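Engineer: Can you read through this structure? Questions will come right after.
The values are calculated or read from the model by the stated rules, or taken from the named source; none is laboratory data. Please read these numbers as outputs of a predicted model, since none were measured by experiment. Don't worry about glycine lacking a Cβ; one is built from the backbone with ideal geometry, like all the others, and counts go over all protein chains shown. Heads up: the accessible areas ignore ligands, DNA and RNA and are worked out on the full protein's heavy atoms, side chains in. Shrake-Rupley method; radii C 1.70, N 1.55, O 1.52, S 1.80 Å.
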Amino acid sequence: MAKEVLISGCAAAAQAVKYSRVDVICSYPIRPYTAIMMELAKMVANGELDAEFIHGEGEHAQLSVCYGASAAGARVFTGSSGVGVTYAFETYSPISGGRYPVQMAIADRALDPPGDFGSEHTDAMSCRDQGWLMGWAETPQEVFDNHLINYRVGEDRRIMLPQFVCHDGYFVSHIPGKVILPDQSQVDEFLPLYKPLHPLDPKHPVSHGPQIRPDQGAIMDLQRAAAFLEVPKVIREAIDDFNRIFGRDYRPFLDEYRTEDAEIVFFLQGAHARTARFAVNHLREKGLKIGLVKLRFVRPFPTEEIQECLSRFKAVGVIETSTSYGGAMKGGNLIHEVRAALYDAPERPLTTSFMAGLGGDVITIEDFSWMAEKLAKAVKAGKVEKYVYWVGFELEE
Amino acid sequence: MAEVYEVTVWTRGVSMDKEGRDVVSALAKAADREGKFVQAFDNYEDLPDRVGVPVRKYARISDEEIVMRYNYENENPDVVVIVDAALVKGVNVLRGMKRGGVLVVNTNRSPEETLKFIPNKDTLGAIACVDADGIAGRATVDFSGTEGGVDASGLGAGIAAPLAGAVAKATGVVNLESLAAVVANREALKRGYEEVVVKTI
Amino acid sequence: MFKIPKEREVPFGGIVPAPVGENRMMVTSNWRTYRPVIDHEKCNMCLNCFLYCPDACWHEDEAGEKMVWNADYCKGCLICVSECTTEALSPAHELDFEAGVVRLEKLF
């Protein structure tokens, strides 16, 4: 029977992994994702979960273990945070290149200058071009759900790609929220056991990761690129099944809140969307026609959906939560994707970037109100005043 | 925005870390049973893996959904609970407290004696002293509930039970029956509720 | 170009002067529930407390006549009490003393 519990995002992720019947787990501790592995270690130790639990000697080794285990045909789970994510960087491309559907949880943590354990998406976003799926969760419930959905999509024979399943460190990873733990039979219906392409088999030995020639490299890239073109369709199928089996109401890529008659919207991914919803309510009470669009997958980036959705509005405020120092728009990463997607849209909204929620900073209702004011002003003037605002640090005229 | 009732617990790393967490978990779970919106969490910045270091645990209770759920601290606590009495000397435990707030201290000393160590006591509406150590006899130590993990060792078997009882008596924020449904040591809970000495200021 | 609120300023590159001697940013007296109290009559200056203290909170005075305790940094682990050879050290509850703990406004 399904039951409701009050658990953190970390504990929710661990539960999802257990329900997914994984074969191999490889851990290495770093705040804030550590509790996922604490929970899984407990489950393996007390016999609740029948899986190999391997403790790596660092994140690079951790991902290498997953590489090997997935090549041998196992359903594999791992995870990390912050500098742990970047320490394993070398392993990401070979894992996606070999088409191993490894799943990695990332509970975001700011990269070091000198040491900060607050949530910032730069750790994961730095890895967004490595051929892995990537998306964020807003609540512990969404963490649980996303882990199941990603296994289903990544292991689909049309896809065979690894997945970064991300949630904000501390806000989501540590603060408990209500999570519905489903019946195992529901999960089994949604997510069948993993059928590897090349299970370890002495009769049919294969060689993984051989040296290739430069003229083969482009083809390997093309294989991954072509697979990524198929991902949106497979995500849509998976979300339809998920909603049907678990009684949820997810949109595959863009979750909209109070956008019906909205003129301006906040656009963001992850935890701060929760506060943003309250901010939207608050600003609506003041008469502002504002809404929220939450991105659920940044890889694959939903170009057509973005064109269709965002062109309905007059101004879009992209709340970044990650950095792109010296980038085209001088702010974060998300706005690059948003503006590129909108370039060919018949109606283009005004766009600006808000640097907020960095280093683990809280984004308050007042911050959202300030951003909304800037957007409203841009609509009135017919142009944005700046491409990027550092929320809380701007000199006001 | 609806008022959020904030409980801040001051405790010590490792030796009393679980007990502090048990106080907020018990209060939040009890309030949840009463149909309230709740939140219980550890302070994320405190680094509680050092023996004796002052650390904080928080509970939030509200009649409506809690807006700033994703935040680091209770900025303006209604109640402050001190798991180790000596902490009142080392930290401004009343920092940010709403006027008329309640301070609950685990001590066998009297409210008057304890108040000597609180220079800003004029903020307080009441102080409540309960000898939780004497009632429950021990502090449980367990690490499974740290860092967002699920506590595998049960809730309220140690000094947290009488402390939660004392909070219920001194503030009325939750009732004793709801607490009794969630803590392990009900006898200690009840004694904390009955034996707490409340002094109105 | 930007303004940083005074209370949120961070030094360039996050680089701070190294503490020489004592780090006032990291006073740890509020970790203490019990403090060690010395009976100078019983002390034979064996220096065990000085040797065993993990936080270097015991030292000899200038004249070399008695041991001196550092109230600001002692965390109250009481290792000195158990290592004392002459029972000159005993634990006492911190609230039995009016002062002796640095009261912090914020933890960091």
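Engineer: Restricting attention to strands (runs of 3 or more DSSP E) lying wholly within the stretch B:1-85, give those where 2 or more residues are among the aromatic types (Phe, Trp, Tyr) and without any contact (Cβ under 8 Å) to a residue 40 or more places away in the chain.
Structural biologist: Values: elements: B:4-12, B:37-42, B:54-62, B:79-82.
Qualifying strands (runs of 3 or more DSSP E): B:37-42.
Engineer: How many residues does the stretch A:284-299 hold that are open to solvent by less than 10 Å² (accessible area, probe 1.4 Å) and out of contact with any Gly (no Cβ under 7 Å at 6 or more places or on another chain)?
Structural biologist: The first filter runs over the stretch A:284-299 and keeps only residues open to solvent by less than 10 Å² (accessible area, probe 1.4 Å), leaving A:290-298.
With out of contact with any Gly (no Cβ under 7 Å at 6 or more places or on another chain) added as a condition, the list becomes A:290-295.
The qualifying residues number 6.
Engineer: A further question on this structure: If I ask for residues that are in contact (Cβ under 8 Å) with a residue 12 or more places away in the chain and in a loop (DSSP other than H, G, I, E, B), which ones from the stretch B:144-161 would you list?
Structural biologist: B:GLY145, B:ASP151, B:SER153, B:GLY154, B:LEU155, B:GLY156, B:ALA157, B:GLY158, B:ILE159
Engineer: So if I check each of A:GLY177, A:GLY209, which one is of a type outside the set (A, V, I, L, M) and open to solvent by less than 30 Å² (accessible area, probe 1.4 Å)? Please lay out each step first, then the result.
Structural biologist: Numbers: A:GLY209 fails: open to solvent by less than 30 Å² (accessible area, probe 1.4 Å).
Answer to the selection: A:GLY177.
Engineer: Based on this model, can you work out whether B:SER110 counts as of a type in the set (Ser, Thr, Tyr), within 14 Å of chain A (Cβ to nearest Cβ) and open to solvent by 20 Å² or more (accessible area, probe 1.4 Å)? Explain how you work it out, then say what you get.
Structural biologist: Working: of a type in the set (Ser, Thr, Tyr): yes; within 14 Å of chain A (Cβ to nearest Cβ): no; open to solvent by 20 Å² or more (accessible area, probe 1.4 Å): yes.
So B:SER110 does not fit the description; no.
Engineer: If we scan the stretch B:95-104, do we find a residue that is touching a helix residue (DSSP H, G or I) at 6+ places or on another chain (Cβ under 9 Å), within 11 Å of chain C (Cβ to nearest Cβ) and buried (at least 18 other Cβ atoms within 10 Å of the Cβ)?
Structural biologist: Of the residues in the stretch B:95-104, the ones touching a helix residue (DSSP H, G or I) at 6+ places or on another chain (Cβ under 9 Å) are B:97-104.
With within 11 Å of chain C (Cβ to nearest Cβ) added as a condition, the list becomes none.
There is no residue in the stretch B:95-104 that is touching a helix residue (DSSP H, G or I) at 6+ places or on another chain (Cβ under 9 Å), within 11 Å of chain C (Cβ to nearest Cβ) and buried (at least 18 other Cβ atoms within 10 Å of the Cβ).
Engineer: Follow-up. For the stretch B:121-153, name all the residues that are surrounded by fewer than 20 Cβ atoms within 10 Å (Cβ to Cβ), under 18 Å from B:ALA86 (Cβ atoms) and within 12 Å of another protein chain (Cβ to nearest Cβ).
Structural biologist: Residue satisfying the conditions is B:ASP133 alone.
Engineer: Before we move on, is B:ALA164 in a helix (DSSP H, G or I), among the small types (Gly, Ala, Ser), within 24 Å of A:LYS178 (Cα to Cα) and open to solvent by less than 10 Å² (accessible area, probe 1.4 Å)? Step through it out loud before you land on a result.
Structural biologist: Values: in a helix (DSSP H, G or I): yes; among the small types (Gly, Ala, Ser): yes; within 24 Å of A:LYS178 (Cα to Cα): yes; open to solvent by less than 10 Å² (accessible area, probe 1.4 Å): yes.
Answer is yes for this residue.
Engineer: Need the failing condition index for A:GLU366 against (1) assigned to a loop (DSSP other than H, G, I, E, B); (2) open to solvent by 30 Å² or more (accessible area, probe 1.4 Å), just the number.
Structural biologist: (1)
Engineer: Here's something else I'd like to know. Picking from A:GLU52, A:GLU59, which residue would you name as being acidic (Asp, Glu) and open to solvent by 30 Å² or more (accessible area, probe 1.4 Å)?
Structural biologist: Values: A:GLU59 fails: open to solvent by 30 Å² or more (accessible area, probe 1.4 Å).
Unique residue meeting the criteria: A:GLU52.
Engineer: Considering the stretch B:39-59 alone, what residues qualify as being facing chain A (nearest Cβ under 10 Å), within 25 Å of B:ARG99 (Cβ to Cβ) and open to solvent by 10 Å² or more (accessible area, probe 1.4 Å)?
Structural biologist: Passing the criteria: only B:ALA40.
Engineer: Here's another thing I want to ask about it. Would you point out which residue out of A:LEU268, A:LEU254, A:LEU283 is within 14 Å of another protein chain (Cβ to nearest Cβ) and either free of Cβ contacts under 8 Å to residues at least 12 places away in the same chain or in contact with a Leu (Cβ under 8 Å, 6 or more places away or on another chain) (or both)?
Structural biologist: Working: A:LEU254 fails: within 14 Å of another protein chain (Cβ to nearest Cβ); A:LEU283 fails: either free of Cβ contacts under 8 Å to residues at least 12 places away in the same chain or in contact with a Leu (Cβ under 8 Å, 6 or more places away or on another chain) (or both).
Answer to the check: A:LEU268.
Engineer: Here is a follow-up. Here are the criteria: (1) under 30 Å from B:ASN43 (Cβ atoms); (2) open to solvent by 80 Å² or more (accessible area, probe 1.4 Å). Tell me which single one A:PRO202 does not satisfy.
Structural biologist: The failed condition is (1).
Engineer: Going by the conditions given, is A:TYR28 touching a Gly at 6+ places or on another chain (Cβ under 8 Å), open to solvent by 30 Å² or more (accessible area, probe 1.4 Å) and in contact (Cβ under 8 Å) with a residue 24 or more places away in the chain? Give the steps one after another, and end with the answer.
Structural biologist: Details: touching a Gly at 6+ places or on another chain (Cβ under 8 Å): yes; open to solvent by 30 Å² or more (accessible area, probe 1.4 Å): yes; in contact (Cβ under 8 Å) with a residue 24 or more places away in the chain: yes.
So A:TYR28 fits the description; yes.
Engineer: Related question: Filter the stretch C:40-83 down to the residues that are more than 14 Å from chain B (Cβ to nearest Cβ), within 20 Å of B:ARG12 (Cβ to Cβ) and not in a loop (DSSP other than H, G, I, E, B) and list them by number.
Structural biologist: Result: C:CYS80, C:VAL81, C:SER82.
Engineer: Next up: Can you work out which of the residues in the stretch A:1-19 that are over 18 Å from the mean Cα position of the chain (by Cα) and more than 13 Å from every other protein chain (Cβ to nearest Cβ) is most open to solvent (accessible area, probe 1.4 Å)?
Structural biologist: So, considering only residues that are over 18 Å from the mean Cα position of the chain (by Cα) and more than 13 Å from every other protein chain (Cβ to nearest Cβ), the one most open to solvent (accessible area, probe 1.4 Å) is A:MET1.
Engineer: Select from the stretch B:61-84 the residues that are surrounded by 23 or more Cβ atoms within 10 Å (Cβ to Cβ) and either of a type in the set (Gly, Ala, Ser) or closer than 25 Å to C:VAL101 by Cβ (or both) and list them in ascending order.
Structural biologist: Within the stretch B:61-84, B:ASN74, B:PRO77, B:VAL79, B:VAL80, B:VAL81, B:ILE82, B:VAL83, B:ASP84 meet the criteria.
Engineer: Follow-up question, since we're still on this one. Would you pick out the residues in the stretch A:350-363 that are within 14 Å of chain C (Cβ to nearest Cβ) and out of contact with any Ser or Thr (no Cβ under 6 Å at 6 or more places or on another chain)?
Structural biologist: The answer is A:PHE354, A:MET355, A:ALA356, A:LEU358, A:GLY359, A:ASP361, A:VAL362.
Engineer: Name the one entry in C:ARG35, C:ARG103, C:ARG24, C:ARG8 that is among the charged types (D, E, K, R) and open to solvent by less than 40 Å² (accessible area, probe 1.4 Å).
Structural biologist: Details: C:ARG103 fails: open to solvent by less than 40 Å² (accessible area, probe 1.4 Å); C:ARG24 fails: open to solvent by less than 40 Å² (accessible area, probe 1.4 Å); C:ARG8 fails: open to solvent by less than 40 Å² (accessible area, probe 1.4 Å).
Result: C:ARG35 is the single residue among C:ARG35, C:ARG103, C:ARG24, C:ARG8 that is among the charged types (D, E, K, R) and open to solvent by less than 40 Å² (accessible area, probe 1.4 Å).
Engineer: What strands (runs of 3 or more DSSP E) lie completely within the stretch A:27-111 and have 3 or more residues being within 14 Å of another protein chain (Cβ to nearest Cβ)?
Structural biologist: On the way: elements: A:52-55, A:76-80, A:103-108.
Correct list: A:103-108.
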